[in-house]
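Written out below as structure tokens is the structure these notes cover.
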Amino acid sequence: MSNILELNQINKTYGNKKALSNITLDIAPGRIVGLLGSNGSGKSTLMKLVAGLLHPSSGTIQVTGKPVGLETKSLVSFMPDCPLTEKWMRVRDAIAYYRDFYADFDEEKAREMLDFMNLVESDRVRHLSKGMNERLQLTLALSRKARLYLLDEPIGGVDPVARGKILDAIVKFYDEESSLIISTHLVNDIERIFDEVVFIREGELVMREEVETLRLKYGKSVDEMFKEVYAE
Amino acid sequence: MTIEFDNNLPIYLQIMQYIKRQIVTGTLQAGDKIPSVRELAAELQINPNTVQRTFQELEREEVVETKRGLGRYVTSEERKIMTIKKEMASELLERFLTGMQELGIEEQDILSIVADAVAEGKGGTTHE
């Protein structure tokens with residue numbers, strides 16, 4: 001089958017600051033890919049480019065063979081690192097908002113996920129703890145029937161219990177026909193759900209490897225590899 | 001199921017070992033159905049493709065078999081299970097002997113240490 005995502009020699013500059021340089025990457029269907037890098041390495045920029053929220057300075061991006069644009073926005077579900085919901089909303093309003101906004105939103109799946117996440121529809125979004133809010137954002141993102149899911153720091157700043165729950169939900173609810181890119185700098189907790197990892201540092205792709213190959217080849221965990229690559 | 005993973009080693013090898021151990025200890029019996037890829041992945045919080053690979057390897061070794069449309073089952077051949085048991089026993093033995101040799105214990109003494117331990121009933125209390 002053809003690739004879900006293809007990035008070809010992507011460059012992105014903000015003013016005269018280089019955010020990404022010469023990134024070439026392809027992702028096959030059914031893969032869970034870890035996008036790893038320290039803060040400011042370019043992870044979020046890369047995701048926003050794929051989501052069509054930013055435009056590359058040069059290079060091309062294709063989702064299921066189509067250039068990023070209006071058409072691909074219905075193929076890509078993006079969970080940004082800051083919530084998209086409004087403060088006045090209750091959980092049920094957030095669900096309704098997504099349902100109205102996205103034709104591919106699966107309300108039944110969303111309710112099933114809310115239940116799994118112990119979220120209550122009448123809860124106010126602004127009263128949710130950080131961990132519960134992450135759970136809500138993940139529910140919203142994964143309830144779309146997309147081909148590519150982009151999760152930007154889904155476990156950033158939540159406690160280990162909530163982290164476990166979020167990982168559970170990702171493995172349980174993701175659709176095997178699609179692919180998932182998860183950015184994080186908290187590698188240890190999440191490395192077992194990846195098929196492959198992509199390391200970016202200062203906007204450059206420094207390594208890409210199947211995680212099981214990496215363990216076999218170097219006898220190291222992804223976390224140890226991460227610490228070596230990003231040692232200062 | 002609970003399993004402590006070592007992230008430094010390939011995960012699929014660890015799950016293979018884990019399932020084999022469950023088979024030889026009788027937690028999983030000959031002919032038992034084993035969980036689906038999805039179930040096991042969710043339970044262990046690991047990548048479904050890793051579980052898939054584990055099952056493929058176990059099938060290749062004929063430890064599990066797929067019945068079309070029904071799922072995967074532990075082999076019903078007792079002989080196969082005995083083979084796994086022997087393999088695991090010889091791995092244990094090898095580790096034990098290496099450890100004793102590193103301690104500088106003579107072969108004769110190893111034999112008597114083992115004989116004494118068995119006589120004192122030390123077996124069966126601690127295993128990894």
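How much length is gained if the chain between B:THR25 and B:MET100 is pulled fully straight, taking 0.36 nm per residue apart and subtracting their Cα-Cα distance, in nm to one decimal? Please list the in-between numbers first.
Numbers: separation 75, 0.36 × 75 = 27.00 nm, distance 2.60 nm.
Working it through step by step, the gained length comes to 24.4 nm.
Which of the trypsin sites (Lys or Arg not before Pro) found in segment A:35-77 are in a DSSP loop and have at most 13 neighbouring Cβ atoms, other than their own, within 10 Å? Could you put the intermediate results ahead of the total?
Working: sites: A:LYS43, A:LYS48, A:LYS73; in loops: none.
In loop regions of segment A:35-77 (DSSP not H, G, I, E or B), there are no sparsely surrounded trypsin sites (Lys or Arg not before Pro).
Placing +1 on the Cβ of every Lys and Arg and -1 on the Cβ of every Asp and Glu, with nothing else charged, gives segment B:1-40 a dipole about its Cα centre of roughly 140 debye.
Computed from label points 7 Å out along Cα-Cβ, the spacing between B:VAL114 and B:GLU61 is 2.3 nm.
Kindly give the semi-axes, whole Å and largest first, of the ellipsoid equivalent to segment B:24-115, taking each as the square root of 5 times a Cα gyration tensor eigenvalue. All intermediate terms of the calculation are to be shown ahead of the outcome.
Details: eigenvalues 260, 54, 21 Å².
Sorted largest first and rounded, they come to 36, 16, 10 Å.
For segment A:70-99, the set of chymotrypsin sites (Phe, Trp or Tyr not before Pro) satisfying both a DSSP loop assignment and a count of at most 11 other C-beta atoms within 10 Å is given as A:TRP88.
So if we plug the beta-carbon distance of A:SER38 and A:LYS217 into 1/(1 + (r/R0)^6) with R0 = 22 Å, what FRET efficiency do we get, rounded to 0.05?
Details: r = 23 Å, r/R0 = 1.05.
Efficiency for this residue pair is about 0.40.
Our estimate of slack between A:ASN16 and A:ASP159, defined as 0.36 nm per intervening residue step minus the Cα-Cα distance, is 47.7 nm.
How much length is gained if the chain between A:GLU108 and A:LYS227 is pulled fully straight, taking 0.36 nm per residue apart and subtracting their Cα-Cα distance, in nm to one decimal?
Values: separation 119, 0.36 × 119 = 42.84 nm, distance 4.09 nm.
This chain segment gains 38.8 nm when fully extended.
For the protein assembly as shown, evaluate the Debye formula with one uniform point scatterer on each Cα (no solvent term) and list log10 I(q)/I(0) at q = 0.10, 0.13 Å⁻¹, rounded to two decimals. At q = 0.10, 0.13 Å⁻¹ the computed log10 ratios are -0.73, -1.08.
Taken along the Cα-to-beta-carbon direction at a fixed 7 Å, the label points for A:LEU84 and A:ARG99 span 1.7 nm.
Considering helices alone, the calculated mean residue ellipticity of the protein assembly as shown at 222 nm is -13000 deg cm²/dmol, with DSSP H runs of length four and up weighted by -39500 (n - 2.57) and normalised per residue.
For chain A, the longest principal axis of the alpha carbon atoms and the long axis of helix A:91-101 meet at an angle near 60°.
Note on B:THR2 and A:SER58: their simple-model spin labels are 5.7 nm apart, each label 7 Å out from Cα toward Cβ.
When you filter the chymotrypsin sites (Phe, Trp or Tyr not before Pro) in segment B:1-86 for DSSP loop state and at most 16 other Cβ atoms inside 10 Å of their Cβ, you are left with B:PHE5.
Values quoted throughout were computed directly from the atomic coordinates according to the rules given, and no laboratory measurement underlies them. What you are looking at is a predicted structure, and each value in this text was computed from that prediction instead of being measured. Positions of Cβ are backbone-derived with ideal geometry, glycine not excepted, and every protein chain shown enters the neighbour counts.
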